[in-house]
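Here's the structure, in structure tokens; my notes come after.
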Amino acid sequence: MILDAFRKRYGRDSGVRVFRAPGRVNLIGEHTDYNLGFVLPIALDLSSFVAVADSPDGALRIHSEEKQQTREWPAADIGSLAPAHDWTDYVIGVARELVLAGFSIAPKLLLVRSTVPEGSGLSSSAALEVSSALALLGGREIPPLSLAKLCQRAEVGFVGTPCGIMDQYVSVFAREHAALRIDCRSLESEAVILPDGIEILAVNSMVKHALGQSAYKERTEECAAAVDAIRRLDGKVQSLRDVTVAQLERCMPSMPKIIARRARHVVTENERVSLFVNACQRGDVERMGQLMVESHVSLQHDYEVSSPELDFLVDAAIGIDGVLGARMTGGGFGGCTVNLLRQGAGERFRATITHAYQERFGIIPQIFDCRPSHGAGEVKNFERIPTRATLSD
Ligand code: GLA
């Protein structure tokens, strides 16, 4: 029980509340969020849980079970701390944004338990940000969109990752049994009910290439360069979201080749999100699978954010009976693939992909069932919080 862990750490368990925020897997719409386009993630059961109680002294103390580290600061100093370049930046970054938004940060004891594997591309960072923000707020009201934006600002401004809004948004707004189609410009979303008869599995390559951080920033710059080039021909274009495939084709010959390919990924990926949602609504699971594979190919060749491990996992997956489609998910350069299967194909898939991956890379991949879960909030029934022992299941 999380209360036992809290008592062991802080010597008390009265007045403890627990807040949860989920990780996510993105079904389609990759590297489109910071181009103000469309994404279609689902929230996972894998989540970050933050247990919180008032602190007896003036300190804000945080313990991470995963890192086995406890850190503390005077609560009064939270608004003026500099980044420490470690896991605490997610929590302190959020605390700082809360202060900037006019919330006071009282002295608190926090214990963080996360089942979202770090570095897997399943958004452990956003889960930690959102759950910490809720814990620090301790039940004080905040509009959900402000919460998502505030957590994104913490990641961009304090942690220093120039991410889009997808991960924080879905962690806050997700609905059970549905994917969330997010319009990253208007910041409106709609639940998209997934058809019956499918299973979604994430396969963790267990590899994260260091290149990811710098390449992400580079891609955002390349997209900005694409917008500049297209705007010279059409002054109304504000972001790649505004560009149609036909329009891009007209502009491509006058653009540097790499920039043109980056833009082609984003423009076609936005279109694939709409096609995927339509296919979903018709129950056309084959088409959904095809679009996922097209998305992967585009990420691999045009956007160049895949990795040999991810390409192998996708190729191996689509050769397995009952697999409708597969693609890398998240920022790329490692992390997970997301796989769409016919119901009942999961067991064979797990065995076959594990064997193939182990044979090729000598690594046993982690495989997760992805059932669309609900967004962040307070957990009242502590029995439902996983114990440490189940973390690596
Ligand atoms: C990371 C970022 C998201 C998004 C994806 C790529 O997960 O945090 O905002 O850009 O990469 O789709």
Would you be able to say whether some residue in region 161-174 is farther than 17 Å from residue 23 by Cβ and more than 13 Å from the ligand (Cβ to nearest atom)? no
Within region 145-154, take every residue that is crowded, with 24+ Cβ neighbours inside 10 Å and within 14 Å of the ligand (Cβ to nearest atom) and give me the one that is nearest to residue 373 (Cα to Cα). 148
Filtered residues of region 320-335 (kept if more than 11 Å from the ligand (Cβ to nearest atom) and under 14 Å from the mean Cα position of the chain (by Cα)): 334
State all residues of region 208-231 that are closer than 20 Å to residue 167 by Cβ and open to solvent by less than 30 Å² (accessible area, probe 1.4 Å); if no residue qualifies, say none. 212, 215, 219, 223
Between a residue in region 314-326 that is open to solvent by 30 Å² or more (accessible area, probe 1.4 Å) and any residue that is assigned to a loop (DSSP other than H, G, I, E, B), which pairs come within a Cβ distance under 7 Å, given they are 6 or more apart or on different chains? 321/345
Of the conditions (1) without any contact (Cβ under 8 Å) to a residue 40 or more places away in the chain; (2) open to solvent by less than 30 Å² (accessible area, probe 1.4 Å); (3) under 30 Å from residue 256 (Cβ atoms); (4) not aromatic (Phe, Trp, Tyr), residue 184 satisfies every one except a single condition; which number is it? (1)
Among the residues of region 98-114, are any within 13 Å of the ligand (Cβ to nearest atom) and assigned by TED's automatic domain parsing to the domain that holds residue 10? no
Mind checking whether some residue in region 104-122 is in a helix (DSSP H, G or I), in contact with a Gly (Cβ under 6 Å, 6 or more places away or on another chain) and under 17 Å from residue 151 (Cα atoms)? no
Residue pairs, Cβ under 8 Å, 6 or more apart or interchain, first in region 1-15 and in contact (Cβ under 8 Å) with a residue 60 or more places away in the chain and more than 11 Å from residue 52 (Cα to Cα), second assigned to a helix (DSSP H, G or I) and open to solvent by 60 Å² or more (accessible area, probe 1.4 Å). List them. 1/383; 5/388
Out of region 166-179, which residues are buried (at least 24 other Cβ atoms within 10 Å of the Cβ) and not polar (S, T, N, Q)? 166, 167, 169, 170, 172, 174, 179
Taking region 346-364 and keeping residues open to solvent by 10 Å² or more (accessible area, probe 1.4 Å) and either of a type outside the set (D, E, K, R) or under 24 Å from residue 174 (Cα atoms) (or both) leaves 351, 352, 354, 355, 356, 358, 361, 362, 363, 364
Number of the exception - residue 222 against (1) in contact (Cβ under 8 Å) with a residue 12 or more places away in the chain; (2) in the same structural domain as residue 17 (by TED's automatic domain parsing); (3) touching a Lys or Arg at 6+ places or on another chain (Cβ under 7 Å): (2)
Considering only residues that are away from the ligand (no atom under 16 Å from the Cβ), not in a loop (DSSP other than H, G, I, E, B) and not small (Gly, Ala, Ser), which ones fall in region 123-144? 134, 136, 137, 144
Taking into account only those residues within region 175-189 that are within 19 Å of residue 134 (Cβ to Cβ) and modelled with pLDDT under 95, which is nearest to the ligand (Cβ to nearest atom)? 175
Being open to solvent by 10 Å² or more (accessible area, probe 1.4 Å), within 16 Å of the ligand (Cβ to nearest atom) and part of a loop (DSSP other than H, G, I, E, B) is the requirement here; does residue 294 meet it? no
Matching residues in region 113-136 - criterion: being open to solvent by less than 10 Å² (accessible area, probe 1.4 Å) and β-branched (Val, Ile, Thr): 116, 130
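The values are calculated or read from the model by the stated rules, or taken from the named source; none is laboratory data. As the structure is a computational prediction, the values presented were derived from the model and not from experiment. Ideal geometry is used to build each Cβ from the backbone, glycine not excepted, and the neighbour counts take in all protein chains shown. Remember, those area values only see protein heavy atoms, side chains included, never the ligands or the DNA or RNA. Shrake-Rupley method; radii C 1.70, N 1.55, O 1.52, S 1.80 Å.
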